[in-house]
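Everything on this sheet refers to the single structure shown next.
The values are calculated or read from the model by the stated rules, or taken from the named source; none is laboratory data. Since this is a predicted model, take the numbers as computed values, not measurements. Glycine also receives a Cβ, built like all others from the backbone with ideal geometry; neighbour counts cover every protein chain displayed. Heavy atoms of the whole protein, side chains included, go into the accessibility calculation; ligands, DNA and RNA do not. Shrake-Rupley method; radii C 1.70, N 1.55, O 1.52, S 1.80 Å.
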Amino acid sequence: MEGEPGMKRLLSDKRAYFAVFGAIGGLISAFLYDMLGLNSAFKSWVFGTALDGLSIGALLAFGQARYLGKRFDSKSFLKALLIGGGGGMIGGFVALNLGFPLAGALGGATDAGRFLGWTLGGIAVGFAVSKAVPNLKAKTASIAGGVGGLAGCGLMYLVSSLSAGTATTGAAIGVAIALAEAAFREAWLEVTIRPKGLSLEKERTVTVSLGDRPVLFGCAGDADVRLVEMPGAKAHFANVSMEGGRIVLRDLATEKSRNLAVGEGFDISNAHVVVRAKAAMEKA
């Protein structure tokens, strides 16, 4: 089909996933804001920013699960919801009680306090998302989330409604985090997942960053990359980790390990996996 390659690229692009799910999180936050009637300044900033953090953070965690073929990762979802909500509440409180007074004392407009609030909210979301994305460093995700929140706040002035504004900001935070993950990782796995049997799923290629935490492949809900069951295998098939500069594949059925070279591939269940790395690591 003519549109197949374009659709495959879209389904393989984490930036698209994070933009869409971040925007949905922003829309949910705006809906809850209107439903709860948060009209006072205190409620608007403290509880409103908490709603932004928990909604956008939780939806980005859900987007990460869908990106890797998982139906629903309740643990990561709830963790992102709680961290994003708590961090957003703190960010809103700081913006209201420090950002706005400080902006006024320095002769600035209330816009300065608003930018601070969204930046702090974005930092909270980034930190929350780092708990759902394998080997995404909390510092990297938090800074990226703050940049996304800052940019999103600026974009809010171009739209005329709360819903559109929070959706835009959620998308900006999501894209910023996805870009930062790709920019700052040393090595990663390129996983091509091929659907088996009767399925509406399309073949697609996703990436998973390598780092201190092993990347787990399996058919269980706690697998980082969820694949179809393998005859005679347990729920956890294998994991790949970085150990002392080496990339190690561990077969969890045989308990045997072997080193993988950059560019080397292997097949597991319905996936083909290839090791990728930045140029500096390839030369090492």
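The residue pairs whose first member lies in the range 126-153 and is among the basic types (Lys, Arg), whose second member is open to solvent by 20 Å² or more (accessible area, probe 1.4 Å), and whose beta carbons are closer than 6 Å, counting only pairs six or more residues apart or on different chains, are 131/79. All conditions but one from (1) closer than 22 Å to residue 21 by Cα; (2) in contact with a Gly (Cβ under 7 Å, 6 or more places away or on another chain); (3) open to solvent by 10 Å² or more (accessible area, probe 1.4 Å) apply to residue 177; the one that does not is (3). Of the residues examined, residue 95 is one that is outside any loop (DSSP other than H, G, I, E, B), hydrophobic (A, V, I, L, M, F, W, C) and closer than 15 Å to residue 146 by Cα.
Out of the residues in the range 127-163 meeting the condition of being outside any helix (DSSP H, G or I) and small (Gly, Ala, Ser), tell me which one is farthest from residue 83 (Cα to Cα). Spell out how you get there, then give the answer.
Step one: of the range 127-163, the residues outside any helix (DSSP H, G or I) are 131-137, 157-161.
Okay, now just the ones that are also small (Gly, Ala, Ser), so 132, 160-161.
Numbers: 132: 11, 160: 29, 161: 27 Å.
The residue in question is 160.
Among the residues of the range 178-198, the ones that are of a type in the set (A, V, I, L, M), assigned to a helix (DSSP H, G or I) and touching a residue at least 24 places away in the same chain (Cβ under 8 Å) come to 4 in all. Would you say residue 110 is at pLDDT below 95 and of a type in the set (Val, Ile, Thr)? Against the criterion (at pLDDT below 95 and of a type in the set (Val, Ile, Thr)), residue 110 qualifies. For residues that are part of a helix (DSSP H, G or I) and basic (Lys, Arg), scanning just the range 71-92, find the one that is modelled with the highest pLDDT. Going through the qualifying residues, I end up with 79. Of the residues making up the range 114-166, those that are among the aromatic types (Phe, Trp, Tyr) and surrounded by fewer than 24 Cβ atoms within 10 Å (Cβ to Cβ) are 115, 127, 157. Taking the conditions (1) more than 24 Å from residue 47 (Cα to Cα); (2) out of contact with any strand residue (DSSP E or B) (no Cβ under 6 Å at 6 or more places or on another chain); (3) open to solvent by 10 Å² or more (accessible area, probe 1.4 Å) in turn, residue 185 satisfies each one other than (2).
Those strands (runs of 3 or more DSSP E) of the range 199-284 in which 1 or more residues are closer than 24 Å to residue 63 by Cβ and open to solvent by 80 Å² or more (accessible area, probe 1.4 Å) occupy 271-277.
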